[in-house]
Amino acid sequence: DSMKPGRGNKCKVCTKALKKIKKLAGDDPNEAAVAAALQKGCRVLGRTMRGLCQKLVKKYQDQITEGLQNGDMPRDICAAMGICQS
């Protein structure tokens with residue numbers, strides 16, 4: 001499984017992706033805004049990160065959506081998913 005925790009690079013991709021998605025979703029996102037941002041967010045990351053981002057989004061969509069709606073920081077969301085060390 002390519003989403004094992006403890007790999008610094010995965011954490012970086014996760015945090016970067018979620019920062020982008022958070023910005024796209026806006027300050028008080030509803031589920032539709034987050035879903036649209038999840039689609040768009042991976043696309044703007046470039047080819048090398050896009051695949052990993054899409055895998056991440058597919059696997060953790062509910063946690064990401066919930067985290068963004070709660071106003072959690074990208075790093076904290078990634079830590080909650082076990083991708084970054086908290």
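The values are calculated or read from the model by the stated rules, or taken from the named source; none is laboratory data. Bear in mind the structure is a predicted one, so any value in this text is a computation, not a measurement. For neighbour counting, all protein chains shown are included, and Cβ atoms are generated from backbone atoms with ideal geometry for every residue, glycine included. In case anyone asks, the SASA skips ligands and DNA or RNA and just uses the protein heavy atoms, side chains included. Shrake-Rupley method; radii C 1.70, N 1.55, O 1.52, S 1.80 Å.
Using only Cα atoms, tell me the angle between helix 8-25 and the longest principal axis of the chain; keep it within 0 to 90° and round to the nearest 10. Between helix and principal axis, roughly 10 degrees. Per residue, the range 5-81 exposes 62 Å² of accessible surface when a 1.4 Å probe is rolled over the protein heavy atoms with every protein chain present.
Carbon and sulfur together cover what percent of the accessible area of the range 5-81 at a 1.4 Å probe radius? Here carbon and sulfur together make up 46 percent of the probe-accessible area. Peptides 28-35, 65-72 ranked from most to least packed give 65-72, 28-35, packing being the mean of other C-beta atoms within 10 angstrom over each peptide's residues. Pairs of C-alpha atoms in the chain farther apart than 22 Å represent 14 percent of all such pairs. The 3J(HN,Hα) values that the Karplus relation (6.51, -1.76, 1.60; θ = phi - 60°) gives for the range 73-85 are, in residue order, 6, x, 4, 5, 5, 4, 5, 5, 7, x, 8, 10, 6 Hz. Gly and Pro appear as x. With the helix formula -39500 (n - 2.57) applied to DSSP H stretches of n ≥ 4, the chain reaches a computed 222 nm mean residue ellipticity of -23500 deg cm²/dmol.
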